[in-house]
Each structure stands twice: as C-alpha cells, then as structure tokens.
Amino acid sequence: MTDNVITEKWTETKSALMEGLEGTKAKSMDAVLENTKKYLAEAATTGATGAGNVAALNKVILPIIRRVMPTVIANEIVGVQPMTGPVGQIHTLRVRYSDAKDGVTAGSEALSPFEIARSYSSNPGSGTQSPVSGATTSSLEGEAGNKMSIQILKQTVEAKTRKLSARWTFEAAHDASAMHGLDVEAEVMAALAQEITAEIDQEILGSLTSLAPSGTAFDQSTATGTPTFVGDEHAALAIAINREANLIAQRTRRGAANWAVVSPQALTILQSATTSAFARTTEGTFEAPTNTKFVGTLNGAMRVYVNSYLVDDSPVLIGYKGAGEVDAAAFYCPYIPLMSSGVIVDPSTFEPVVSFMTRYGYVELTNTASSLGNSADYLSKLAISNVTFI
C-alpha cells in the first residue's frame, strides 16, 4: 500500500499534502516532498536496510512533514531555498556599476551606502557625489549611457544532520491503546519531530541574534517626558523599534525591517504601550508547535512573533525579508525534512526503538563590503532593561 503512495498515487498524495499552501511555502514543500520520495524510493529497493522508512511513510511521516514544514520560523524571517542534494548552492544578487567614472569604481555596488546618489546617469564620465542635473540631449545622443550590471552570487551549502531516538515497551503501548486509544508509535514520532523542529528554530534565532548589531537600547528608567501611567513609558520601546527598522532600510537600500521576534516580556510591553499601533492578530496566525508564533503587527507593517523560550531580558530581534527568497539575512535550505528509521526491535532488550532524522543547510553571508552580501545589515537587536509594569 505504501509503495503505491510513492509510485502510482504520488501525484494525488502530494496535491493533498500541499493543499492550502501558497507562494514560496508551496514551492518549498514541493521540493522537500520530492526529496522525500526519492530517498524513500531508494530505501524501498530490494535488499535495502531502510525499508522501515517506507512502512512508516503513509501512517506518520507525511502527515508530520505537512504539519511541521510550514511552521518552521525560517519561512517567516529568512530565505528558504530547498536543496536537491546533500550539497547545493544558495543565491543572492547585487547591482553593480560596470564603468569606472569620476568618483565611481567599476565593480562597486550601486545600492551600497557608500555609492548611493552618485550622478552616474547624467554626463558620460560623471560620477560626482553632489547632485547634478541631467545631461543635455546632444551630449548623450547616440550614447548608450554608463553601464550597470546585476550579479547573481552563489555560495555552497552542505546539508547537516540532526537525529533523535526513543524507545518504549510493548506493555506501555498495549496499555495506552487499551485505556486511552493512543497510538504510542505515532505519539513518539510526533514528539521527536516537534523537538527537532524546535531546535532548528532556536538555532536560526540564536544565530541571527548573535549576528545582529546592537541598536538603540530600551531602558525604562531613563524614559523622558511626563508619563501619566506606565504605558506611556512602554511606548518608548515601539519608537526605538521603528528607529532601528528605518536604519535597516538605510543600510540595505531594500526596505525597513518587517519582522520582529520578541520575548514574552517585550510582547507585554508592546501590548501595554499607549502610542504604539500594535494590533493583536485575530486570524491567519502562524502558530508553530514549538512555542514560536505570530502574535500581531506593529504600525501595520512589522509582523511580530513571540519566542516563548526567551528569558525576560532577552533583546528584541528585528530584520528585513524581501518578497523573494534571495533577499534575506540568512538562508534555510531543507533537504530531507523528516525521516524515520521505522520501528525496530532492540535485540538486547526486545523493546521497540525508533529514530528520527532531518537534514538541512543553513548559511549566512558575511561579506562586509556589500549591503546585499552582509547578513548583519538586514538585522538589528534592541536590549531591554529596568522594566516595570506597575
């Protein structure tokens, strides 16, 4: 039956699993499902030792992949570029000046903070910093104009692995089934998958936090003005976030920060602030089984996520992700989203054992000479201290 799922019925199965997904999430799911099919087809060959994967596919693995993959925080805050093999490439782009003119070096990035506003499109040979008017028609008549180029950058990424295993007794499985109607095997696999996903989320968030430069700090004890109640002081955090968001736009020339990951304490501050336009979410929520979920928007533009694992004084992490998957601070590259060894029996204890594995790549670009090649330019973090609520 399961063999049919990855052969004759694969198109229908994949269509059902991708129902409700749109845009890049649908593309990512399509790629990782094809990787899973390929891996399972190899495991199902005669004499293969991984046949347990195929036996567990229809029952557990595919539903878990469908539930888990769209809820990885990477889908919301970094670029997702699925891998088709254990080694792949991620791509980003830069816009460069092609000609060496006055004040402009050939090959320098056109959108970098150092080159912006050069008068490169007026008189041939000009490239001065000060604004100048357009060229006369006669001076550019018959000329192609100074040249610009778009460069697609690529970087090699290699898949890494996470594994977890669990065991239980046949007696426990019998009792759980008889008394509560629970399938212990399915519950254990779901728990392992959730733990792996939570660790991937925390790896990505921790790495981005370490990479992000420190921005304006929020110290409630130094709030100025004459607050009427504590909510007036809390409003300073939203103002600081807006300032850092606009600085990201200045550094990247791509856009202001459009996402933030906050601790439960920082979320409480935003919810109680008087002048911040924080709108709690009521529908279309991103809610992962890993305690990272979408909780609202700030000023109608910035999506706010809460990470329930963070301690109270954790900094607020903000960043920018563009419309495409090549315009982000970092790149998550799923290869084999989730794979089970299938239930095997330990020959020494005669207890059932199951193992779960995921393979993925993760890469950050750290070329400080380029606003599009330096991941830190897309990020900022705000320290929080001396918070009171009464």
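The values are calculated or read from the model by the stated rules, or taken from the named source; none is laboratory data. All figures in this text were calculated on a predicted structure; none of them were measured in a lab. Every residue, glycine as well, gets a Cβ built from its backbone with ideal geometry; the counts of neighbours run over all protein chains shown.
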Cβ pairs under 6 Å, 6+ apart, first in the range 200-223 and in a helix (DSSP H, G or I), second modelled with pLDDT under 85 and surrounded by fewer than 16 Cβ atoms within 10 Å (Cβ to Cβ): 220/386; 221/386
Suppose we keep only residues that are buried (at least 18 other Cβ atoms within 10 Å of the Cβ), under 22 Å from the mean Cα position of the chain (by Cα) and among the polar types (S, T, N, Q) within the range 240-281. Which one would you say is modelled with the lowest pLDDT? 252
Do you know which of the residues in the range 70-95 that are surrounded by 21 or more Cβ atoms within 10 Å (Cβ to Cβ) and at pLDDT below 80 is nearest to residue 337 (Cα to Cα)? 90
Matching residues, the range 220-239, being surrounded by fewer than 16 Cβ atoms within 10 Å (Cβ to Cβ) and either of a type in the set (Lys, Arg) or modelled with pLDDT of 85 or more (or both): 239
Among the residues of the range 155-199, write down those that are hydroxyl-bearing (Ser, Thr, Tyr), part of a strand (DSSP E or B) and closer than 30 Å to residue 374 by Cα. 156, 161
Is there a residue being in contact with a helix residue (DSSP H, G or I) (Cβ under 9 Å, 6 or more places away or on another chain), of a type outside the set (Val, Ile, Thr), closer than 30 Å to residue 352 by Cβ and without any contact (Cβ under 8 Å) to a residue 60 or more places away in the chain anywhere in the range 149-166? no
One residue from 322, 284, 300 being modelled with pLDDT of 65 or more and farther than 19 Å from residue 204 by Cα: 300
Tally time: how many residues in the range 183-197 are surrounded by 17 or more Cβ atoms within 10 Å (Cβ to Cβ) and over 13 Å from the mean Cα position of the chain (by Cα)? 9
Looking at 296, 342, 322 in this structure, which one is in the same structural domain as residue 255 (by TED's automatic domain parsing) and more than 25 Å from residue 237 (Cβ to Cβ)? 322
Restricting attention to the range 355-373, report how many residues are in a strand (DSSP E or B), at pLDDT 75 or above and surrounded by fewer than 22 Cβ atoms within 10 Å (Cβ to Cβ). 6
